[in-house]
1. Please enumerate the residues belonging to segment C:81-130 that are of a type in the set (S, T, N, Q) and on the phi < 0 side of the Ramachandran plot.
2. Could you check, for segment A:278-288, whether at least one of its residues is charged (D, E, K, R), under 23 Å from A:LYS47 (Cα atoms), touching a Ser or Thr at 6+ places or on another chain (Cβ under 6 Å) and within 14 Å of chain C (Cβ to nearest Cβ)?
3. Which of the residues belonging to segment B:341-354 are facing chain C (nearest Cβ under 7 Å) and open to solvent by 30 Å² or more (accessible area, probe 1.4 Å)?
4. For segment A:208-238, how many residues are farther than 26 Å from A:GLN265 by Cα, in contact with a strand residue (DSSP E or B) (Cβ under 7 Å, 6 or more places away or on another chain) and not hydroxyl-bearing (Ser, Thr, Tyr)?
5. With the structure loaded, tell me whether A:VAL216 is in a strand (DSSP E or B) and surrounded by fewer than 20 Cβ atoms within 10 Å (Cβ to Cβ) or whether it fails that test.
6. Kindly list the number of the only condition in (1) away from every other protein chain (no Cβ under 13 Å); (2) of a type in the set (Gly, Ala, Ser); (3) more than 18 Å from the chain's Cα centre (by Cα) that fails for C:ALA311.
7. Give me a count of the residues in segment C:271-290 that are touching a Ser or Thr at 6+ places or on another chain (Cβ under 8 Å) and either in a helix (DSSP H, G or I) or surrounded by fewer than 24 Cβ atoms within 10 Å (Cβ to Cβ) (or both).
8. The conditions are (1) within 14 Å of chain C (Cβ to nearest Cβ); (2) within 27 Å of the chain's Cα centre (by Cα); (3) open to solvent by 40 Å² or more (accessible area, probe 1.4 Å), and B:ARG338 fails exactly one of them. Which is it?
Amino acid sequence: MKKIIAMMIAVFMLLSFCLAANAEGDKVKCYSFGVMSGGPAWGQYQKGFYAACEELGWDGQYLCPTTDNNMSELFNLHDTAISNGADVMIPCVTDNDAMADILQKAVDQGITMVGIGLTDPHIPYLIGTDNINLGRTIAEALVECMGDKEIHVATMQTILAHTGQTAQVDAFEARLKELRPDAEVVRREECNSSAQISQDKLAAICLANPQTNCFVSFDCYAGLGAATYVESEGLQGQFTVIGIDDAVENLRCMQQGTMAATVAQMWYKMGHDAVMLANDLRNGKDIPANTDSGTAIIMPDDIDAWVEEMGLDMNS
Amino acid sequence: MSSEYILQMKNVTKRFPGVVALSDVSISLKKGEVLAICGENGAGKSTLMKILSGSYTSREYEGEIWIDGKKTDFSSVAVAEANGIEMVYQELNVMLDASLAENIYVGNLPMKGKFVDYKKLYSDTRAMLDKVGLELDPRQRVRGLNSGQMQMISIARALSKHPRIIVLDEPTSSLTDKETNILMDTIDTLRREGVSLLFISHKLDEIFRIADRVVVMRDGSVIATEAVSDVTEDQLVEAMIGRTIDNLYPKAAAPIGGEVLRVEHLTVPHPSNKGQNIVEDISFSLRKGEILGIGGLVGAGRSEVLSAIFGYITRGVTKRILIDGQEARIASPMDAIRSGMGYITEERKQTGYIWVHSVRENLTLACLKKLSRFGFIQKKQETDMAAEMFRMLDIRAPSLETMLVNLSGGNQQKVVVGKWLLSQPRILLIDEPTKGIDVGTKAEIYKIMNDLTHQGVSIIMVSSDMPELISMSDRCLVLSNRHITGEFTGTEITQENVMKAAIAS
Amino acid sequence: MSKENQKGKTLLRALLSKNELGALLPLVLLLIVVAFVNPNFFMRRNILDIMRTASFSFMVAMPLTFLLASQGLDLSVGAVTSLGGIICGMALKAGLPLPLAILCALLSGALVGTINGFFAIKSNLPVFIATLGTQYMVNGFIAITTNNVAISNFDTSFKQLSQYRLFGEVPMPILYAIILAIVGQIILSKTRFGREVLAIGGNKETAYLAGIKVNQRRMITFIATSVFSALAGVLTASRFACAQPAAGSGTELSIMAGVIIGGTSMFGGQATVIGSALGAILLATITNALILMNVSTLWQSFIYGFILIVALYVDKYRRKVLSGE
């Protein structure tokens, strides 16, 4: 009995697989990858990606690890997509060496690729927030906010082992030195996307280095933690926090005066334009090797206009 | 330089913080000799074994060990094995899902090149099984064997290494009489082959039957070393406990009242053989102040009967239980305790005590409800109750707060008994009340049972110890082949009657 | 043996008999080192900060102590922490009054706890994997319902729940944790429930035969663990006026490590709530002290692991001496 049921299930699966393959056989299969599902940043990216696929009539699919930031699973997902017969891939490269074999396979199979994430020899075309540009923009935002005050800054990443973020922080520090040779980077920290850890660590950093007067966040929740620190210590106006991305909670901190500015990456544009660029490539058009989807510095005065433009819901 | 003695322990002293476990102990073992070691719990027998096995390294105690007249440094277990010393422990130590052959030759498998030589393995195993009288297939798994057979497997494992000295710790405590006989014969054969044996046992009849000489230990010292032919049983007991006991089994019959418990149509499925029952449709009753013995061979389902009555096993069990003529629904130990029952199980370590908890906590475990007010344990009342039981049962431990893991087997058993006494049961189920316990403590346990019956408590006692069963029971049921095959009262309870019923089908 | 020597030994034994030594000894050593390097550590504000950090993990560690004591395990506490915050946030957004919103969060915790308990007790699944499964499912549930976007925009009354400072100094979570520590320790060492939980962990069969409601007690420990995890989530959300979808993710193992360092046996039967509090404080102190001593964060994981191992060795040595081997 069990055998019969197992056989039936097997046959059923085989049939449905064939049918599905037939039905979508003529559609362009396009896979995109990210480190997590949803969220203020990747959620926007997904929206842009799926919108573009719909415009083009492509069969698009966004893949990400079941646990956030699980890099080895992310690599495997790329592999899976190649095996599933992808026509177009938007790979998310976080580690060149670890992904070299997988990407080589994609090149060998002639899959059209427009990458987000790190520069990689296998991927001739990239779109996204250029890490260097982002770091530089953040430095500029900080300098603008600080005016002629001294700068003693602490930075907070998700994890120190995140290559892309480290590149951002490096670029940030370099640009800061250019603009303000007297600036001091007090400490580099990590908070594992926990506002709680961010706040606790910032408190300790300020105790150990009382001259610290500003904070730059490279992690989506680090800014919230720092802003809460400012609020609880009553340091509004004296301690400058620069957040990252346009999450509603960041905008709200800015309205309350605990966060000075946030630097938004254009996640929707990134997801949307990646697909469009890949389409151009398939149609034989020439595209630039690097397309910067751009960054925007949002100051408290810009919030209303930004919310309207991006269609954000401030009540969420 | 050769010596008459294969093994000599000279002036061995082992200290634990606050206690001297062995004090200046000297023991000599001749080639081809069976030397029995007996003594009460805490006398130092297990410490002695651990020293011999190399578990305690030579740096951890004072004194010397000589092998073949040469001083030998027992620095590890490997040294003991290299000198041909094999231990057979009382606790079963087998791999349930490995074959008999693998169990016997574990760590010592015959090899052909890089692979196990299975042909040789199985034929060697066959020979070893013959030696210990097991008619089993070397390929079969150990799971499903009874504890007696498992004990024999452990012995076969020791034999397979062709040791010069075998140390047996209470080897017969889980054996049936038949198996005991086979073991005795095996020991005899080994002795004739020139193997020396250290035989640790509480069973005096076995000592007299098999040993050449006997060493009596008490409180960490050697009290006497005698040729077995030169001593009597009473002298040995006296030496062990340091006092005379008039009667080892001091049954003091209590007045027997009306029926308190009636078990009807009890059927219990076999624990390991699927689809079979271990007892089928048995009925019996228990009267006030009575000790009802249950005899039978190991594996006849005696323990299962107690567990089923107590609601400890319920799956597949059908039963009707009447207490004082009223039907009682007993679906769990909780129900049983509420109905006034207590259950002292056979396997103390698995089901009797909590070894990381103190004497006090173990003693009051079954009466926490009584001790609590608004969910809080009344600390003073608890300590008083535990202390009283501690004194009454003469539990030998440094204090009420000592963990059970640090107590000897007999004292652990006393704690388990104490736990159930504190729950004040009207019906007490006892499985092997004195298994692995020294003579002195045995007598104390019997006295407690007598006292209880005088207070009107009724007892069902399962026992494999024939003298105990015969002298303590007012009435005795014998289980065999799923049914009650004999019921004897008073003077009818004899070794012959019980034995005949136990092997009846 | 001289009298003084004897006295010293008695003192040592008394010290060793404390379950909490595994956390206390490394903590004291760490404090001594920090005192030399940066005395700023001992400023009241910093101590309060550390205590606040420890309070959040202790809120989960307290019931987890009972769970481990009964030989249970729960890897879903981090996910349930996130869940508690999210449910409370959604309820507030839906217009429910604060007490009701908190109740919803706690009930969601109770539900997850019941499911965990069901897996462990009724179905007898291996808890390690089963609660890992719940962890994934809860995280998945959060992702589905929120699309991993945080919920913010709460009014100030919600923030007061954990941002209010008693006497303008002491953050509320510390107060909650102290109350929990006292109540927890009393339940563990003075009540029948505590004794029964320890007995179950020490030997489940013995406990069952002694008439203890083993399944019911175990179920309570599972539910309590999840309920308090959800509570920790509510308080975290209150602290930032923002319910983050991953507020508690990744905290489960470090919280459990704190409990075990504190002297609760992974094999059940022995537990101390005060030790768990010390364990939580130790872990919070390590992070803080490293920054104050200007040790690079790159060292943090290494030192964390190292101190954990030291704590385990202290505990092992302690047990060895006590059992007389």
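1. C:THR81, C:SER82, C:SER108, C:THR114, C:ASN116, C:SER123
2. Looking for residues that are charged (D, E, K, R), under 23 Å from A:LYS47 (Cα atoms), touching a Ser or Thr at 6+ places or on another chain (Cβ under 6 Å) and within 14 Å of chain C (Cβ to nearest Cβ), one finds none in segment A:278-288, hence no.
3. B:GLN350 - this is the single residue of segment B:341-354 that is facing chain C (nearest Cβ under 7 Å) and open to solvent by 30 Å² or more (accessible area, probe 1.4 Å).
4. The number of residues fulfilling the criteria is 2.
5. Spelling it out, it is not the case that A:VAL216 is in a strand (DSSP E or B) and surrounded by fewer than 20 Cβ atoms within 10 Å (Cβ to Cβ).
6. Result: C:ALA311 fails condition (3) only.
7. 9
8. (2)
The values are calculated or read from the model by the stated rules, or taken from the named source; none is laboratory data. What you see is a predicted model; the values in this text were computed from it and never measured. Neighbour counts are summed over all protein chains in view; Cβ atoms, including those assigned to glycine, are modelled from backbone coordinates with ideal geometry. The protein model used for the area step is the full one, side chains on, heavy atoms only, and it has no ligands, DNA or RNA in it. Shrake-Rupley method; radii C 1.70, N 1.55, O 1.52, S 1.80 Å.
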